[in-house]
Amino acid sequence: MTDEQPDQANSAAAGPDIPPDRLAINPRSPHYGGDLLTRGIGINFRGERKHSIEEYCISENWVKVQAGKTMDRKGNPLLIKLNGEVEAWFEDLGDDAPKNSKPA
């Protein structure tokens, strides 16, 4: 058994230059990747560059985005899960960075 969180284990298995399969920006999420987020993550969703992604999963082909300014009863933004092709990369590596995407 290890004390690593799932996103850290995935990033170690994928290599240092490929983002993990699943990542969230919310610190309360078990898939939060604080040190990975400082590098900057680029996301293509359905072939378009997106900047409003709260959480993504490449293997399951979904992203979560905020539903406008709607909040839940605890004051957190309400999230909508959208299905489609997801591709992620580290922005600090430049335009030709290796991308993590689900094989067709």
Practice task
Go through the range 29-51 residue by residue and tally those that are surrounded by 11 or more Cβ atoms within 10 Å (Cβ to Cβ), part of a strand (DSSP E or B) and in contact with a Gly (Cβ under 8 Å, 6 or more places away or on another chain).
Solution key: 1
Exercise for the section: Would you tally the residues in the range 8-28 being buried (at least 16 other Cβ atoms within 10 Å of the Cβ) and either modelled with pLDDT of 85 or more or at positive phi (or both)? Expected result: 8
Exercise for the section: Please determine, by comparing only the residues of the range 65-75 that are in contact (Cβ under 8 Å) with a residue 12 or more places away in the chain and out of contact with any Pro (no Cβ under 6 Å at 6 or more places or on another chain), which one is surrounded by the most Cβ atoms within 10 Å (Cβ to Cβ). Expected result: 65
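Yes/no per residue for (1) within 19 Å of residue 30 (Cα to Cα); (2) surrounded by fewer than 16 Cβ atoms within 10 Å (Cβ to Cβ); (3) in contact with a Leu (Cβ under 6 Å, 6 or more places away or on another chain):
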| residue | (1), (2), (3) |
| --- | --- |
| 53 | yes, no, no |
| 60 | yes, yes, no |
| 63 | yes, no, yes |
| 85 | no, yes, no |
| 102 | no, yes, no |
Exercise for the section: Please tell me if residue 102 is free of Cβ contacts under 8 Å to residues at least 24 places away in the same chain and basic (Lys, Arg). Expected result: no
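The values are calculated or read from the model by the stated rules, or taken from the named source; none is laboratory data. What you are looking at is a predicted structure, and each value in this text was computed from that prediction instead of being measured. Reconstructed Cβ throughout: ideal geometry from the backbone, glycine too, with neighbour counts over all protein chains shown.
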